Amino acid sequence: MLPLVGAAGKSFVRADGTRRFPHRRSGRQAWPMIAEEALAQFAAAQVVVPVEVQEMCLVGLSDSLGVGVGGLAAESAVITRSLLAEADSGGTHVWASSQRLPPRDAAWLLGVSSHALDFDDYMHPMHGHASSVVLPAAWAAGEPRGASGEELLQAYAVGYQVDWLASQAFGTAHYERGWHATSTVGVIGATAAAGRMLGLDAGQMRTAMAIAASSASGLRVNFGTHVKAMHAGNAARSAVVACELAMAGATAAADWMTGPHGMLAVMGGRVVPAEAGAAISGVLDTWGIVGPTGLMLKPYPCCGSSHAAVDSALAARADLGGAPIDRVAVHVDPLVTGILRHERPATPDEARYSLHYPIAVALLDGELTARQFSRERMSAPDVADMLRRVTVIADRSNAAHEAFAAEVEVVSGGRTVAVEVPVALGHPRRPLSTDQRRAKFVGAAAGVLGEPRAVALWDSVPRLPSLDRISDWTELVAP
């Protein structure tokens, strides 16, 4: 196991390797910690990450690196990059590049690129993309100070877990109010990850989280635009800045989550502020990334709420054997239609936040890859014709909102094929195989690096945790 060594200097590891926290009293019933204290103590504590968690973290980290490299060519990342100036000295590498940026700017760009293709992993109940904020913040903060691969994996594990813990309080209710949890909740986990890289103690960590909470933002109305990816970049950058401010002695409210005008009161959540401590401290001994709704890897480069429907459509197409399609009915939960708001998308970003479009093009092409989200494919006459045949019906109930079950009915001549998929490919109950993960990584990164370098990048990722400096990994594959 990799020991997680926190800057607080206080051991939270028992002799048998299990973890303990201040709210655990030997021989007594555990009492809940204050939510803010629980998150800060966990983020700065010495803990031990179980082997299965380490392994899953490396899966998430590798997926994020491939998608993040590929996302550097996306319009939102290109626009962001155009505003940034190289670091005078030191700084953080842009992935798979010789370019270095000041840490804050690197966190910003890498956060944008990680989310730009909407190909990044997601989890529940956060209803967001933890890796796209946690990894950029950790990498940007850690590389200039010579952080090792082991430290990066540790920071990723802790940051992801803090996002999962915080989401126990925010849940789906926060998302349903219109907040983009990737950035609003995600900034807290990103702060934990950056804080570990920078050596924050528990007091500084609590302050940094409070500073980050005041920068928490991101509206779902911007789904389908460049700004959605920029939410992730903004959160990663805000996390690095929050840690730097805390280290410099800035003050912030201790009750940033549960106070009268704290995040839960203002932004809404699954629990009332008074219950947040119990909701979080009650699951401190559970690692969310290996849980039943933990790390979900996307097989398609678009919003995950469409993926069960896409699986259904591809299965129906295979059943029909290429027969002409007359009409299509897609049955989903009402939350899905609220997320996928672009019925007739005009841009690749809108297409990623459409349900009609991926269903139509998947039925035509028998696949859903980056090619299907090109402007050329979107403008094809056969796509426009198929879009007119697709109807979406919000008549399914999925209270958990973690699998987005869907049913697709395809009518061809006198025949109707109906396929229901309760759990999309990539969900922990239907995980991607190693070959599928490799194909995804190489396919995403090849758009920037070319296939030979993308393959070399994939082959190098398992060695990342053993590197003395994470900058060695970037230099290994830089041109």
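Taken together, the values in this text are just the output of simple stated rules run on the coordinates, not laboratory data. This is a predicted model, so every value here is computed, not measured. Here Cβ is always computed from backbone atoms with ideal geometry, including for glycine, and neighbour counts include all displayed protein chains.
Could you please state, rounded to a whole Å, how far the C-alpha centre of segment 285-300 is from the C-alpha centre of segment 182-244?
After rounding, the separation between the Cα centres reads 20 Å.
Between residue 347 and residue 97, what length in nm is gained on full extension when 0.36 nm per residue of separation is reduced by their alpha carbon distance?
87.2 nm
List the residues whose amide H sits under 5 Å from the amide H of residue 412, counting only those 5 or more places along or on another chain, with H placed 1.01 Å from N in the peptide plane.
Under 5 Å from the amide H of residue 412 lie the amide H atoms of 326, 417, each far enough along the sequence or on another chain.
Provide the packing ranking of 309-319, 120-130, i.e. peptides ordered by the mean count of other C-beta atoms within 10 Å per residue, highest first.
Ranking the peptides 309-319, 120-130 by packing returns 120-130, 309-319.
Give the residue from 42, 316, 65 lying farthest towards the positive end of the charge dipole for the chain; charges sit on Cβ (+1 for Lys and Arg, -1 for Asp and Glu) and the dipole is referred to the Cα centre.
Checked the options; the winner is 42.
Would you tally the net charge around residue 368, using a Cβ to Cβ cut-off of less than 14 Å, leaving residue 368 out, and scoring K and R as +1, D and E as -1?
My count for the surroundings of residue 368 gives +2.
Could you give the size of the charge dipole of the chain about its Cα centre, using +1 on the Cβ of each K and R and -1 on the Cβ of each D and E, expressed in debye and rounded to the nearest 20?
That gives a dipole near 520 debye.
Just flag the GluC sites (Glu not before Pro) in segment 339-379 sitting in loop per DSSP whose Cβ has no more than 15 other Cβ atoms within 10 Å.
Answer by residue number: 343, 367.
Once you put a point 7 Å from the Cα of residue 225 and another 7 Å from the Cα of residue 415, both along the Cβ direction, what distance in nm separates them?
Label-label distance for residue 225 and residue 415, simple model: 4.5 nm.
Which value in Å is the Kirkwood Rh of the chain over different Cα pairs?
By the Kirkwood definition, the hydrodynamic radius is 22.4 Å.
Relative to the longest principal axis of the chain, what angle (0 to 90°, nearest 10) does the C-alpha long axis of helix 51-70 take?
Helix 51-70 sits roughly 60 degrees off the main axis of the chain.
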